[in-house]
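Student: What follows is a single structure, and I will ask about it in a moment.
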Amino acid sequence: MSPLRALILASCLGCGGIVSAVESDGPRVSEVVIEGVDRIHPDRVRARLGTRAQQPLDRSTLADDVRAIHSMRAFTGIRSDVQALPDGTVRVVFSVQELPYVGSVEFSGIGYFLTRSLRRDLRTRRGSHLDPLTLQRDRQRLRETLRQRNYLHAEVTSSTRVDSETGIATVIFHVDTGHRVRVARVQFEGLPSGVMPFFIQQNLANRSRSPFDEDMLTWDAGAVAQYLSDQGYLDAQVTDVRHEFFDSVESWEDRFRHGPNWVPEGKKNDRVVITYFVDPGPRFYLKQVSFLHDPEIASESELREAFTMRDGDPMRRRDLDRAVELARRVIANKGYARARVEQDRVVDEDSYEVDLTLRFEEGRPYRIGRIDPDGNRVTRDAVIRRAMAITPGELYNEDAMDRSRRQIMRAGVFRNEPPRPLSIDPIFDPERPEEVDLRVRVNEDDTGRFVFNIGWSSASGLIGQASYEERNFDFWGALIERRHWRGGAQTLNANVSWSEDRTVVGARFTNPRVFDSNYFLSLNFQRADNTILAWDERKVDVSSRIGRYFLDFDLLFSAEYGYSDLKIDRPRSDAPQDVLDLASPSAGNFHINSVSFRQSYDVRNNPSLPTSGFRASLEQTIAGDWGLSASHPHLELSGTFTGYIPLLESDLGGVTFLEFRQRVNYLQPLGSDNYVPFYARYFGGGPAPRHRGYQARYQGPRRENDEGRLARFGGTREWLSTLELSVPLQGTNRGIRAVAFTDVGQIWDDFDEDDQRWLTDLTVPFSDFSVAVGGGIRMPAFLPIALDLAYVLNPETGQSSRQFHFSIFGGF
């Protein structure tokens, strides 16, 4: 008898295919019994199972069956049991607790109008099943909405009332402003070595420091068992869950400084410790993998190379999902849009090993037909189509579709968050059997922003700003059609800012895809009047940059021409000596013609609100050479790197990420006078992305001038490293964020006092680094304000150990 004569349908581990199990030495299943169902017919449940009557028993399929029942969102307490019968067969019993239907949803503690508004945010609705997970997410969603409406201390609880006769549930959401019981600690007994409790907690509703929800304990127990099953412990189960109440120790109590944070006094019972007792069972490993496929479409070596799991690896669900998907994509990327994978698994209960066979159903090859954008009410279709890495007529390719998603997001005018994330869906038209259409579903972002802010900074005193930015501007639409001035994914920015020591007026226009081509164009104008340094300064900058994209628009080569006109006046006695000499007796005028070349590689997921990927750039600027005139010719070399590592993602799409920034700058004289001008030298310090341990432009070398005053001289070498942790306090990427940061860097010069000349030394004295740590707040995207408080660990003489910065990011 062929070992493949019996096929069992079951849910695939993330690959979208059909799972089959080979006939093993296990007993035959006489019947599959569904216990605990009431209003749902058992056949609806059996239709989702891979375990079937009159087929051999495959124990590895039982875990998939439990997941399949769980995905119906109609049951809880799902268990499977195998009962031996006298005739040598077995009965498979799935025990479930059917969730009641929701008859009505009510609110208490709030008024009619707010209730009517909040009801629209709910997923628990009349006629749906009372799913604990959906209910928990509804509570979180309501808390988020209430806090956005200035109910800053609001907490939402829920209760259910089930009619004993009809079994219909009434759900009541309560707004409670009193203190709520929180989870003090979550602990596990019986976890196998190597399993980290921290990662298990991320799947729980009751995690450390979160509000305690007793109704979710059963759900959490299932999540613990599911996590262990996904790590290869296929028989894992939670045998018991216990929780004990404690009282929190208040900060004003003496014992708070040296005692425990909670004690079992029974007065408030506002803290709870949850303990899960786990029986993980044995861990199963992959013995070997085989492939059944058409060798004319893909070779076995291609599939084996794509399948990332190796013999002997644990049967982790995440690793298996990824390996199967990568193997499937080898075939799908050759045009087989309906390629599917069936998994045949044989489990050796003695050695705890699994033989895995992947059976591929390739179907027929398809070419791309139409590409239909959907959801872009303002943005032109061309913006989406030009970002597609696959075009009509080409073979279907899912890797190209992934690159297309990334390029669409990098346009900076769409969102990719629940409940409407970006998606590219294949559509099969029966009238065109050889083609597949792609529907690109997008959700447009809020691209226009007008900001008027007034604040105060310890460095600059009173600060104000008025700015307008449109990230979805359309130049040709504004010029020709006038009414359609948005939709081109171009950026127009106008900005005015003022403070006691600085006034800036500027405008910028950027077209990332000139005529929908691979060319980039940017125009910039800025005038700045400031007295931050030891002289008055008026500077006008005009520049234009043009570039071209390569490597799927990840790599940009660009060239820029810039002209700057600088006038300094009224130098003070603590100015550097070269300023006193050049500006004497009253004023100095300088001009700069420069050309710069930039190479940048950008693979960030979103240019406006990045949470993953990185951007690296190199820039070379030549001022006053190559036939260009400048008051003092010089060369500048710059390198920057910014990387983002996502750590956690909330249910609302908010990502906690780690950001690393590195900047290195270098100046060198080009003229015969061997002089680096003061207006080109580096003066660091100020709000991010500068060193936050200093006031604005206060970081750098100091030298004594001829009048005996210690002057801020500026430097020719700059190094700044920043590590920043960003946490979404409201659960979304566009909400308020808390940050913790470390800035490490310094500015040096290459001026030799003895020889009175500039050196070309590239060494970096790392022992001179200034280190600052601190934290801050980032306001939502529509109010781009940053507040930072920095503490300097090794302050210089005369430097304050604390710096507070108020800044407006996203402008010039």
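Student: Quick one: in the stretch 699-733, of everything that is part of a loop (DSSP other than H, G, I, E, B) and without any contact (Cβ under 8 Å) to a residue 40 or more places away in the chain, which residue is most open to solvent (accessible area, probe 1.4 Å)?
Tutor: The residue in question is 729.
Student: Now for a separate question. How many residues are over 18 Å from residue 99 (Cβ atoms) and either loosely packed, with under 14 Cβ neighbours inside 10 Å or touching a Phe, Trp or Tyr at 6+ places or on another chain (Cβ under 7 Å) (or both) when one looks only at the stretch 156-175?
Tutor: Qualifying residue count for the region: 1.
Student: Every residue in the stretch 375-416 that is under 23 Å from residue 733 (Cα atoms), open to solvent by 50 Å² or more (accessible area, probe 1.4 Å) and not in a strand (DSSP E or B), please.
Tutor: Result: 377, 378, 402, 403, 405, 406, 416.
Student: Could you list all residues from the stretch 664-697 that are in contact (Cβ under 8 Å) with a residue 60 or more places away in the chain, farther than 24 Å from residue 630 by Cβ and either open to solvent by 20 Å² or more (accessible area, probe 1.4 Å) or touching a helix residue (DSSP H, G or I) at 6+ places or on another chain (Cβ under 6 Å) (or both)?
Tutor: Residues satisfying the conditions are 687, 688, 695, 696.
Student: Within the set of pairs 6 or more residues apart or between chains, which connect a residue that is closer than 28 Å to residue 283 by Cβ inside the stretch 351-365 to a residue that is buried (at least 18 other Cβ atoms within 10 Å of the Cβ) and polar (S, T, N, Q) with Cβ atoms less than 9 Å apart?
Tutor: From residues that are closer than 28 Å to residue 283 by Cβ, the pairs are 354/60; 356/343; 357/20; 357/343; 358/343; 359/20; 359/343.
Student: Against the condition open to solvent by 20 Å² or more (accessible area, probe 1.4 Å), out of contact with any strand residue (DSSP E or B) (no Cβ under 9 Å at 6 or more places or on another chain), farther than 20 Å from residue 386 by Cα and at pLDDT 85 or above, how does residue 479 come out, does it pass?
Tutor: Answer is yes for this residue.
Student: Among the strands (runs of 3 or more DSSP E) lying completely within the stretch 154-196, list those that include at least 1 residues that are within 32 Å of the chain's Cα centre (by Cα) and over 25 Å from residue 130 (Cβ atoms).
Tutor: Result: 182-189.
Student: Within the stretch 768-776, can one find any residue that is open to solvent by 60 Å² or more (accessible area, probe 1.4 Å) and at pLDDT 65 or above?
Tutor: Yes.
Student: Quick one: is residue 790 modelled with pLDDT of 85 or more, of a type outside the set (Ser, Thr, Tyr) and under 30 Å from residue 634 (Cβ atoms)?
Tutor: Against the criterion (modelled with pLDDT of 85 or more, of a type outside the set (Ser, Thr, Tyr) and under 30 Å from residue 634 (Cβ atoms)), residue 790 does not qualify.
Student: Working only within the stretch 610-626, note down all residues that are assigned to a loop (DSSP other than H, G, I, E, B), surrounded by 15 or more Cβ atoms within 10 Å (Cβ to Cβ) and under 37 Å from the mean Cα position of the chain (by Cα).
Tutor: Step one: filter the stretch 610-626 for residues assigned to a loop (DSSP other than H, G, I, E, B), giving 610-612, 624-626.
Remaining after also requiring surrounded by 15 or more Cβ atoms within 10 Å (Cβ to Cβ): 610-611, 624-625.
Result: 610, 611.
Student: Which of the following residues is buried (at least 16 other Cβ atoms within 10 Å of the Cβ), at pLDDT below 90 and not basic (Lys, Arg): 638, 629, 650, 596?
Tutor: The unique qualifying residue is 650.
Student: Hey, residue 354 hits all of (1) over 30 Å from residue 56 (Cβ atoms); (2) part of a strand (DSSP E or B) but one; which does it fall short on?
Tutor: (1)
Student: Now, a different point. If I go through the stretch 565-582 residue by residue, how many of them are in a strand (DSSP E or B) and either basic (Lys, Arg) or open to solvent by 20 Å² or more (accessible area, probe 1.4 Å) (or both)? Let's see the steps before the verdict.
Tutor: At the first step, the residues of the stretch 565-582 found to be in a strand (DSSP E or B) are 565-569.
Add one more test, that the residue is either basic (Lys, Arg) or open to solvent by 20 Å² or more (accessible area, probe 1.4 Å) (or both), and what stays is 565, 567, 569.
Within the stretch 565-582, residues that are in a strand (DSSP E or B) and either basic (Lys, Arg) or open to solvent by 20 Å² or more (accessible area, probe 1.4 Å) (or both) number 3.
Student: Considering each of 104, 95 in turn, give the residue that is surrounded by 14 or more Cβ atoms within 10 Å (Cβ to Cβ), modelled with pLDDT of 85 or more and of a type in the set (Ser, Thr, Tyr). If you could, list the steps in order and put the result at the bottom.
Tutor: On the way: 104 fails: surrounded by 14 or more Cβ atoms within 10 Å (Cβ to Cβ).
Just a single option satisfies the conditions, and that option is 95.
Student: Considering 329, 304, which residue is under 28 Å from the mean Cα position of the chain (by Cα) and part of a helix (DSSP H, G or I)?
Tutor: Within the list 329, 304, the selection yields 329.
Student: Only residues that are within 30 Å of residue 248 (Cα to Cα) and within 36 Å of the chain's Cα centre (by Cα): list them for the stretch 267-294, please.
Tutor: 270, 271, 272, 273, 274, 275, 276, 277, 278
Student: Determine which member of the set 215, 220 is among the acidic types (Asp, Glu), within 20 Å of residue 138 (Cα to Cα), open to solvent by less than 40 Å² (accessible area, probe 1.4 Å) and in a helix (DSSP H, G or I).
Tutor: Numbers: 215 fails: open to solvent by less than 40 Å² (accessible area, probe 1.4 Å).
The unique qualifying residue is 220.
A quick yes/no check of all residues on (1) aliphatic (A, V, I, L, M); (2) touching a Leu at 6+ places or on another chain (Cβ under 8 Å); (3) closer than 24 Å to residue 613 by Cα:
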{"residue": "401", "(1), (2), (3)": "yes, yes, yes"}
{"residue": "420", "(1), (2), (3)": "no, no, yes"}
{"residue": "444", "(1), (2), (3)": "no, no, yes"}
{"residue": "481", "(1), (2), (3)": "no, no, no"}
{"residue": "487", "(1), (2), (3)": "no, no, no"}
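Student: Please list, ordered by first then second residue, the pairs with beta carbon atoms under 6 Å, 6 or more apart or interchain, first in the stretch 375-386 and of a type in the set (Gly, Ala, Ser), second assigned to a helix (DSSP H, G or I) and surrounded by fewer than 19 Cβ atoms within 10 Å (Cβ to Cβ).
Tutor: Listed pairs, sorted by first residue: 382/516.
Student: Which members of the stretch 124-139 meet the condition of being open to solvent by 50 Å² or more (accessible area, probe 1.4 Å) and either within 17 Å of residue 157 (Cβ to Cβ) or β-branched (Val, Ile, Thr) (or both)? First the steps, then the outcome.
Tutor: As a first pass, look at the stretch 124-139 and keep what is open to solvent by 50 Å² or more (accessible area, probe 1.4 Å): 125-127, 137.
Selection gives 137 alone.
Student: Quick one: how many residues across the stretch 322-374 are open to solvent by 20 Å² or more (accessible area, probe 1.4 Å), closer than 24 Å to residue 392 by Cβ and small (Gly, Ala, Ser)?
Tutor: 1
Student: Then there's this: Take the residues in the stretch 261-295 that are farther than 17 Å from residue 327 by Cβ, open to solvent by 70 Å² or more (accessible area, probe 1.4 Å) and assigned to a loop (DSSP other than H, G, I, E, B); name whichever of them is modelled with the highest pLDDT.
Tutor: Of everything passing the filter in the stretch 261-295, 264 is modelled with the highest pLDDT.
Student: Within the set of pairs 6 or more residues apart or between chains, which connect a residue that is farther than 30 Å from residue 224 by Cα inside the stretch 74-88 to a residue that is surrounded by 14 or more Cβ atoms within 10 Å (Cβ to Cβ) and at pLDDT 85 or above with Cβ atoms less than 9 Å apart?
Tutor: Short answer, once both residue conditions are applied: 85/27; 85/30; 85/91; 87/30; 88/27; 88/28.
Student: State all residues of the stretch 771-792 that are under 20 Å from residue 467 (Cβ atoms) and of a type in the set (Gly, Ala, Ser); if no residue qualifies, say none.
Tutor: Within the stretch 771-792, 781, 786 qualify.
Student: Hey, does the stretch 535-552 have a residue that's among the basic types (Lys, Arg), open to solvent by less than 30 Å² (accessible area, probe 1.4 Å) and at pLDDT 95 or above?
Tutor: So far as the stretch 535-552 goes, yes, one or more of its residues are among the basic types (Lys, Arg), open to solvent by less than 30 Å² (accessible area, probe 1.4 Å) and at pLDDT 95 or above.
Student: Identify the single condition in (1) surrounded by fewer than 16 Cβ atoms within 10 Å (Cβ to Cβ); (2) farther than 30 Å from residue 576 by Cβ; (3) within 34 Å of the chain's Cα centre (by Cα) that residue 487 does not satisfy, given that it satisfies every other one.
Tutor: (1)
The values are calculated or read from the model by the stated rules, or taken from the named source; none is laboratory data. In this text the structure is predicted, and so the values were computed from the model without any measurement. We place every Cβ from the backbone using ideal geometry, glycine too, and count neighbours over all the protein chains shown. To get the accessible areas, we keep the full protein, side chains included, count just its heavy atoms, and leave off ligands, DNA and RNA. Shrake-Rupley method; radii C 1.70, N 1.55, O 1.52, S 1.80 Å.
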